Amino acid sequence: MSDHNPIYHLKDAYFFEVPKPFWSRDWQTLDEVPEFLRRPYDEAGEPMPTVEEFNEAMSGKVLIPQPFADLDSLYAVRTGLGISKYMILELLLAAILYLIFTRLAGQLSSGAPAKGRLANLFEAFILFIRDQIARPAIDAHDDHGHDDHGHGDSHSHHGAAALAAHEGDRFVPLLLTLFFFVLGCNLLGMVPWAGSPTASFSVTLALAGVTFGTVVVAGMMQFGPLGFFANQVPSMDLPLPLAIVLKPMIFAIEMLGLCIKHLILAVRLLANMVAGHLVLLGIMGLISAAASYSFGLWATVTGISVVSSTLFSVLELFVAFLQAYIFTFLSALFIGASVHQH
């Protein structure tokens, strides 16, 4: 029954974990036990656990219905499309974000200022991402044209400069989506019995893939398909024989670097979220380790562990916001690099 030992909040699974008294099992016969739980023992020819052992092992585990898949275990799909815990949490988060921003957009569509704590809170986030992330990282910086005073074409000149200065605004919706989705996934790790989807490499890799796709598409729209790849090689005044040798090598290095930096974007988010959960698991695990010793030692370790876990939870809350900001900021930098001439 080793398959029933989950890594809480870290490993994606096809069940939700709750305290056993909240979800007890009462299977009467082995035929009532899901087939995928009995299959490993049949295939290995090992003695089948009793129904009481299955009930004990599966109490507290809320199995997710799988209409499109046949499970191989609590953590793996045998065939088909499995619906996992993280998939449900992500869909739930997407629905919550949709409701919040639909309501906020309805309030602001009239042009009236934001009113209410929720509207003011999200307005602050939105303006921060637009003014402190998107525009500085993506806008084309143009310093000329600001000393033109009193000339007849000053309005048109400053209008063009303002348009160029706000080039990053067209990427603000994407950056807002990335920020709030990553933040929501991070915060779900603080919810008891839920888990953080960003502690799964498949999730962070998909998020980084969105940034990578935006970089490629935006760069090709700006320079054309061939121009985008040509723009990966920095402009260098080299003699023709030397350019023939060096530029293909530089192009290969730059393309490899383009892929690596987006991969690192995924790994960075994953590592930071997993690290916080592992620290909390390690601290709380000390309580179980001390249970076999004297009551005094157990009480001391428990007190220290609870206080330490509380402090680390506060730190993890800060990290949830910080990593959402870093992911969004790096995404904006990569997009900005793709739409500007090197």
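Key figures
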item	result
Residue that is over 24 Å from Phe329 (Cα atoms) and either surrounded by fewer than 14 Cβ atoms within 10 Å (Cβ to Cβ) or modelled with pLDDT of 90 or more (or both), where the choices are Leu242, Leu269, Leu265, Leu256	Leu242
Val191 being among the aliphatic types (A, V, I, L, M), at pLDDT below 95 and closer than 24 Å to Ala137 by Cβ	no
Residue within the range 195-204 that is modelled with pLDDT of 90 or more, part of a helix (DSSP H, G or I) and touching a Pro at 6+ places or on another chain (Cβ under 7 Å) present	yes
Criterion (touching a Ser or Thr at 6+ places or on another chain (Cβ under 8 Å) and within 24 Å of Ala199 (Cβ to Cβ)) met by exactly one of Tyr98, Tyr75, Tyr86	Tyr86
Residue list for the range 222-239, filter: surrounded by fewer than 16 Cβ atoms within 10 Å (Cβ to Cβ) and either free of Cβ contacts under 8 Å to residues at least 60 places away in the same chain or farther than 30 Å from Phe180 by Cα (or both)	Gly224, Pro225, Leu226, Gly227, Ala230, Pro234, Ser235, Met236, Asp237, Leu238, Pro239
Filter pass, Glu43 being modelled with pLDDT of 90 or more and farther than 30 Å from Phe181 by Cα	no
Wholly enclosed helices (runs of 4 or more DSSP H) of the range 83-145 bearing at least 2 residues modelled with pLDDT of 90 or more, on the phi > 0 side of the Ramachandran plot and not β-branched (Val, Ile, Thr)	none
Of all residues making up the range 65-82, the number that are surrounded by fewer than 16 Cβ atoms within 10 Å (Cβ to Cβ) and touching a residue at least 24 places away in the same chain (Cβ under 8 Å)	3
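The values are calculated or read from the model by the stated rules, or taken from the named source; none is laboratory data. Every value quoted in this text rests on a predicted model; they were computed, and no experiment measured them. Don't worry about glycine lacking a Cβ; one is built from the backbone with ideal geometry, like all the others, and counts go over all protein chains shown.
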